[in-house]
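Presented below is the structure to which this report refers.
Nothing in this text is a laboratory measurement; each read-out follows from the coordinates by a stated rule. Here the structure is a predicted model, which is why all the values come from computation and not from measurement. Methodologically, a virtual Cβ is constructed for each residue, glycine included, from the backbone with ideal geometry; neighbour enumeration extends over all protein chains shown.
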Amino acid sequence: MGELKLMKGNEAIAEAAIRAGVDAYFGYPITPQSEVIEYLALQKPHETTGMVVLQAESELASINMIYGAAGAGKKVMTSSSGPGISLMMEGLSYIAGAELPCVVVNVVRGGPGLGTIQPAQSDYFQATKGGGHGDYSMIVLAPASVQEMSDFVPLGFDLAFKYRNPVFILSDGLIGQMMEKVELFDFVPRWTEQEIIEKNPWATTGKTPGRERNIITSLYLDPGIQEKHNEKLQAKYRKMKKEEVRFEKIQCDDAEYLIVAYGSSARIAQKSILLAREKGIKVGLFRPITLFPFPFNEIKKMANQVKGILSLELSAGQMVEDIKMAVNEKIKVEHFGRMGGIIHSPAEALEALEQKIIGE
Amino acid sequence: MTEEIIIAGFGGQGVLSMGKILAYSGIMQNQEVSWMPSYGPEMRGGTANVTVILSDERISSPILTEYDTAIILNQQSMDKFESSVKPGGTLIYDGNGISSPPERKDINIYRIDAADEASKMGLTKIFNMIVLGGYLKVKPLVDLKNVILGLKKSLPDRYHHMIPDNEKAIMRGLEIVEPVHILN
Amino acid sequence: MKDELYTDIVKEENLVYKKTSLMTDNILSYCPGCGHGTAHRIIMEIIDEFGIQKDTIGIAPVGCSVLAYDFMNIDMQQAAHGRAPAVATGIKRTWPKKIVFTYQGDGDLAAIGTAETIHTCNRGENFLIVFINNGIYGMTGGQMAPTTLPGMKSSTCPYGRDVDMMGHPLKIAELVALLPGTHLVSRQAVHTPAAVRKTKNIIKKAFEYQLKAKTGTCFVEIVSNCNSGWKMTPVQANKWMEENMFPYFPLGDIKIEGKLVQ
């Protein structure tokens, strides 16, 4: 068993980065995730694993530092929250276009604009439907516990390098700020320079006589070549949809009704289904772990079993559109969620289920 | 066993660290734990509260609207949280600064004059540990030895010399907590 | 007779100039008379002379030189508009022994990327920034740049740059020279053989610093022309540059080995 610690979600992300053999973290402070860079600054990992930690002048700069280092084959990550993530969208589009592996964490706060520093899940569209310009997708992982904040860092890098694609961890202020028990995984050594060159033959590590020069770019001025590049990206995304769907089902076997929720809302819904069952209502919880690729087929299957679905999100209703697409009007699908940093209570969510789905 | 606790008071009273020590004590006896603070600008000097859950099972929602136990350290928190104690639950409060004491008849109420005691002991910084001692007397859900281990885990090394004082404060809290209203 | 003369000339021992193999055989996409080609060649010659092709990573910007990687036979990354110094920071911080340089135009470096430029120089990032200043946005068709001269016409200041309304041309080299993080700041040109030699010497020095130790940021501005954007012939453009650009952007070293040149 690994070392047990009581940690904030944000601290767990930072500790996991050190342990996962990450080469560099570039970031800019913003509430509610500043503990990530603060923790890293305090730990001084450059003295132990050799990991670089640098506070950039902006999120624009930090995401482009990620671009540069990722393009040179290094394992690099950054984190931010809503307003900062919006600034990173340009860079993420370039990173996806140039097919660079990296991990980006969004500890979501309420918006739009400067919004609030309290938790929200209103960046779902931005994370799963693009956000930046052009046809691109990122694998989006949604942790629902501090343990998953830690575990999704190495998982994120595995997926990022498997697909040469950015991986996005969509957390929120609740998971970022709360403390839970974490079992820390063992240290993984950073790749040596030789390993980087062998594992990432595409990276700009310096042109040696044996190979053509490596170019990291997202620019293809010839429309025919650009379309081919787009087709290559789309094929990659199709492979993700086939192989990387992750989800969790809680008390779904006998469920007559279903709550679909991810991240912090899934935690709240877990309590709601307990309260429901105390009242004799058989409710299950379906928790998407990957928001891209979204578990369309599994939710479609559930629609053959349950009488209605409530999508519980800390937003005006974003994921609910994907659920509706999966269910295709077979059963009733409704959304419930508080906004602006207010967190729905388990009882409130159950009440919404009773009113909107179960009915009179 | 699941124990859902809210600890609420002023920022600077050690509300968050008391919750952290309690959560760490839970880990020391192999429990699942969660610690969810209110955060933001209001932390800087205003009211602060933290929800702590100790459980033998996987914890669902870290945010709650009713609690098994409320530990209340100022009047604002009393106004806000007295009504959210579950019927049959427990409320512990420090009498210092409380102008309207709790009036509910369907819960157990205890009073601990920890602020006064801390200044008598000349150790105002360990006020929160006296309160924790009071809680442990009323709800002996975690072993004292695990609390000491939790204390060591959650305090940075440079504060470890203060552990004996903290221990003394916890012991004092065990002694001075007083029942106000007990359910039959 | 003619053929014999030709074969005689191309004999190895008679060669006085040879294109470095670090320039690819791709046809340059720059307009005839443009300074980019010369600036590219100088940098590639230096990398060739130091034998550091295997250790060098270049960053191409957005602008006319966006396709610099088509011509420079080294590993390169293309950066988002203005972000080249951040991209270079990411590379250099994680590969401190590699030799890194950015190649940027005036819109890229002195407008949209000003923050990255200033903060990179302020942190003293240990790489070279090559800044091509031709006072106009060439690639997008001749719009106003941060370095467009007062009164100078462009498609977005068709009546001439009115400094009261549009601000003054930005002297970014003088600005970054004031930051303690810069080690070498120089402004040069590539329009005559003598200017090319001077520019090559100073860029060579910048590479030397980076090869030797961590000294700080080296910043070399090349005041160049844009005959198509300026709507002139190449000869007219060079003359106009000497008469108008050089007085506002005077050539010479501004900071050497961390000390301002008086």
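Return P(r) of the protein assembly as shown (all Cα-Cα pairs; 10 Å bins starting at 0; whole %; ordered from short to long distances).
Final binned percentages: 3, 12, 19, 19, 16, 13, 9, 5, 2, 1, 0, 0, 0.
Applying 1/(1 + (r/R0)^6) with R0 = 35 Å to the Cβ-Cβ distance of B:Asp79 and A:Phe125, what FRET efficiency is obtained, to the nearest 0.05?
According to the calculation, E is roughly 0.35.
Sort the following peptides by mean Cβ neighbour count (other Cβ atoms within 10 Å, averaged over residues), highest first: A:329-335, A:14-20.
Going by the mean number of other Cβ atoms within 10 Å, highest first, we get A:14-20, A:329-335.
Among C:Cys64, A:Cys102, what is the fewest-to-most ranking by other Cβ atoms within 10 Å?
Going from least to most buried by this count: C:Cys64, A:Cys102.
For chain A, build the convex hull from the C-alpha positions and give me its volume per residue in Å³.
Expressed per residue, the convex hull around the Cα atoms of chain A is 142 Å³.
So which GluC sites (Glu not before Pro) in segment A:154-237 end up in coil per DSSP with only 16 or fewer other C-beta atoms within 10 Å?
A:Glu212
Quote the Stokes-Einstein diffusion coefficient, in whole µm² s⁻¹, for segment A:3-46, based on the Kirkwood radius over alpha carbon pairs, a temperature of 4 °C and a viscosity of 1.567 mPa s.
120
Could you let me know the centre-to-centre spacing of segment C:191-220 and segment A:302-360, using Cα atoms, in angstrom?
63
For A:Lys44, which aspartates and glutamates qualify as cross-link partners when the Cα separation must be under 19 Å and same-chain residues fewer than eight apart are set aside?
Reachable aspartates and glutamates: A:Glu11, A:Glu15, A:Asp23, A:Glu35, A:Asp186, B:Asp157.
What's the longest uninterrupted piece of chain C once you rule out the chymotrypsin sites (Phe, Trp or Tyr not before Pro) that are loop residues per DSSP with at most 11 other Cβ within 10 Å?
Longest gap between qualifying sites, sites excluded: C:18-158.
What aspartates and glutamates sit close enough to B:Lys139 to cross-link, taking a C-alpha to C-alpha distance under 12 Å and skipping anything fewer than 8 places away on the same chain?
Result set, ordered by chain and number: B:Glu3, B:Glu4, B:Asp68.
Which of the trypsin sites (Lys or Arg not before Pro) found in segment C:177-250 are loop residues per DSSP with 16 or fewer other Cβ atoms within 10 Å of their Cβ?
C:Lys214, C:Lys231
For a Förster distance of 45 Å, can you work out the FRET efficiency between the beta-carbons of B:Asp165 and A:Ile281, rounded to the nearest 0.05?
The formula returns an efficiency of 0.30 here.
Between segment A:1-43 and segment A:115-152, how far is it from one alpha carbon centroid to the other, in angstrom?
17
Tally the DSSP beta bridges in the protein assembly as shown and give the antiparallel ones as a percent, rounded to 5.
35
Among the trypsin sites (Lys or Arg not before Pro) in segment C:33-107, which ones are in a DSSP loop with at most 13 other Cβ atoms within 10 Å of the Cβ? Mind listing them?
The qualifying sites are C:Lys97.
In chain B, which longest range has no GluC sites (Glu not before Pro) that are both DSSP loop (not H, G, I, E or B) and surrounded by at most 11 other Cβ atoms within 10 Å?
Here the longest segment lacking exposed loop sites spans B:104-184.
Please rank B:Thr2, A:Thr48, fewest neighbouring Cβ atoms within 10 Å first, as an exposure proxy.
A:Thr48, B:Thr2
Going by how many other beta carbons lie within 10 Å of each one, how would you line up A:Met51, A:Met325, C:Met76, fewest first?
Fewest-to-most Cβ neighbours within 10 Å comes out as A:Met325, A:Met51, C:Met76.
Among C:Glu49, C:Glu13, C:Glu116, which one shows the highest mean-square fluctuation when chain C is modelled as a Gaussian network with alpha-carbon springs under 10 Å?
In the Gaussian network model the winner is C:Glu13.
Across peptide A:203-211, what mean number of C-beta atoms from other chains lies inside 10 Å of a residue's C-beta?
Per-residue shielding by partner chains comes out at 6.
Suppose R0 equals 60 Å; then what is the FRET efficiency for A:Arg164 and B:Leu183 from their Cβ-Cβ distance, rounded to the nearest 0.05?
0.40
Assigning unit charges at the beta carbon (Lys, Arg +1; Asp, Glu -1) and nothing else, what dipole magnitude in debye, to the nearest 20, does segment C:31-256 show about its Cα centre?
Around 440 debye, computed over segment C:31-256.
Can you give the % of DSSP beta bridges in chain A that are antiparallel, to the nearest 5?
Beta bridges within chain A, antiparallel portion: roughly 25 percent.
Filter A:Lys129/A:Lys199; B:Lys20/B:Lys125; A:Lys181/B:Lys125; A:Lys282/A:Lys330 down to the pairs with a C-alpha to C-alpha distance above 25 Å, please.
Result: A:Lys129/A:Lys199; A:Lys181/B:Lys125 exceed 25 Å.
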